[in-house]
Amino acid sequence: MGVFITFEGPEGSGKSTQARLLYERLQALGYPAILTREPGGTRIGEMIRRILVDLRHTEMAPTTETLLFAAARAQLVSELVRPYLNTGGIVLCDRYADSTFAYQGYGLGRDLDELQAITAVATGGLLPDLTFYLDLDVEAGLQRKRTARDRAVEAANPGSTFTTPPEWNRLDARDLAYHQRVVAGFAELMRSDPARWRRFSAEQPVTTLAEQIFHEADLVLRRALRLETHG
Ligand code: TYD
């Protein structure tokens, strides 16, 4: 019943680019595939995303944050992911529940069993078949994001000092120690379920990395197809 592939990694690791490249390649090969993202991916989810990333929302309680991510995920799974998997399609998702364990669990210190319970309610227990982790030094990733933001501000307002940060959100703005806990959390998640994860260095050229990701995805898709054909 379909194949569910997710992308995880720290800020600025380029996972959105890689998710898109894999999506385009699968489509070109004639695979039925959709690409979506978290938080977001649905009309309701994108509205929740705007609340989550808004730099003005400094008063947001950690429980609120956790439940909003879960709410966006519940909508995505029920509206898009499950129905598409049920038709036998491939769903590519830029972040999924692992991000909640890494960011709200290891990053913010929320209880992991509690997050497990909330996630089970939101997803009905749906797990990815394959998860790519794009590995990048935390400081390098944040720097990449800041540079992208500064370029976007400059492009939108040439020569001005206007500073609406289009690429810099409430969650990026947390301190370095937080982002380091997140990355250590991802390492722990990968250790606890090695069969599902594929870890690649995000410091390689975009096309090299895309090739490695496609190769791994292709193996998993062929296996899924064989299983379907042979019962
Ligand atoms: P994303 O759009 O992937 O941003 P980026 O391209 O900066 O990595 O995710 C938005 C932010 O939300 C990002 O800082 C990670 C965070 N996040 C959580 O804290 N918990 C979650 O469950 C998810 C899905 C994302």
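A few points about this structure:
- Working from Cα pairs under 8 Å separated by at least six residues, relative contact order for region 1-69 is 16 percent.
- Take the Cα of Thr207, step 7 Å toward its Cβ, do the same at Met60, and the gap between the two points is 3.8 nm.
- For the chain, accessible area per residue (1.4 Å probe, heavy atoms of protein chains only), Å²: 50
- Note on surface exposure: Lys145, Lys15 rank Lys145, Lys15 by accessible area, highest first, 1.4 Å probe.
- On Cα atoms only, tilt of 43-53 relative to the major axis of the chain in degrees: 40
- Model label points for Asp218 and Glu139, set 7 angstrom from Cα along the Cα-to-Cβ axis, are 3.8 nm apart.
- Probe 1.4 Å, all protein chains present, accessible-area order of Ile118, Ile90, largest first: Ile118, Ile90
- Tilt relative to the chain, helix 112-123 - C-alpha long axis, 0 to 90 degrees, to 10: 60
- Percentage, to the nearest whole number, of Cα pairs in region 1-138 over 18 Å apart: 56
- Per-residue [θ]222 nm for the chain (sum of -39500 (n - 2.57) over DSSP H runs n ≥ 4, rounded to 500): -16500 deg cm²/dmol
- Within the accessible surface of region 173-231, defined with a 1.4 Å probe on protein heavy atoms only, the carbon and sulfur portion equals 56 percent.
- Relative contact order, whole percent, for region 1-149 stands at 44, derived from Cα pairs under 8 Å and 6 or more residues apart.
- Among the protein heavy atoms of region 15-86, carbon and sulfur supply 57% of the accessible surface, probe 1.4 Å, non-protein parts ignored.
The values are calculated or read from the model by the stated rules, or taken from the named source; none is laboratory data. From a predicted model like this one, the values you see are computed outputs, not experimental measurements. Here Cβ is always computed from backbone atoms with ideal geometry, including for glycine, and neighbour counts include all displayed protein chains. These accessible areas exclude ligands, DNA and RNA; they are computed on the full protein's heavy atoms, side chains included. Shrake-Rupley method; radii C 1.70, N 1.55, O 1.52, S 1.80 Å.
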